[in-house]
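Working notes, structure below.
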Amino acid sequence: MKPQDLKDLILSLNQDVVFRFKGKVACINPWNEHKFEVGYGDISKNYNNIDILMSDNIYNGQSLNEISGQIELI
């Protein structure tokens with residue numbers, strides 16, 4: 001999946017985005033365009049900006065922009 005496709009999926013606000021990366025489950029809960037709750041392993045964060053969410057390196061030192069092609073949606 002391309003980074004823009006993942007970003008569009010999150011911003012569709014239709015569903016939680018759940019995926020597996022490097023053996024850990026991640027979940028992105030998009031409440032609205034300015035509220036996102038993210039969990040990955042034992043990390044839990046809140047974001048108010050999709051671009052910050054996409055570029056934060058919380059996935060084993062990498063961002064969603066970097067790993068979008070490697071994730072397995074579940």
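Some notes on this structure:
- Test: residue in the stretch 7-23 that is touching a Gly at 6+ places or on another chain (Cβ under 6 Å) and within 17 Å of N57 (Cβ to Cβ): no
- Filter result for I28 (without any contact (Cβ under 8 Å) to a residue 60 or more places away in the chain, farther than 14 Å from I74 by Cα, touching a helix residue (DSSP H, G or I) at 6+ places or on another chain (Cβ under 7 Å) and open to solvent by less than 70 Å² (accessible area, probe 1.4 Å)): no
- Strands (runs of 3 or more DSSP E) contained in the stretch 1-60 and holding at least 1 residues modelled with pLDDT of 95 or more and over 17 Å from I71 (Cβ atoms): 24-32, 35-40, 43-47
- Residue among G39, G23, G69 that is surrounded by 14 or more Cβ atoms within 10 Å (Cβ to Cβ) and small (G, A, S): G39
The values are calculated or read from the model by the stated rules, or taken from the named source; none is laboratory data. Quick caveat, the model's predicted, so the values are computed rather than measured. Don't worry about glycine lacking a Cβ; one is built from the backbone with ideal geometry, like all the others, and counts go over all protein chains shown. We work out accessible area using only protein heavy atoms, side chains counted, and drop any ligands, DNA or RNA first. Shrake-Rupley method; radii C 1.70, N 1.55, O 1.52, S 1.80 Å.
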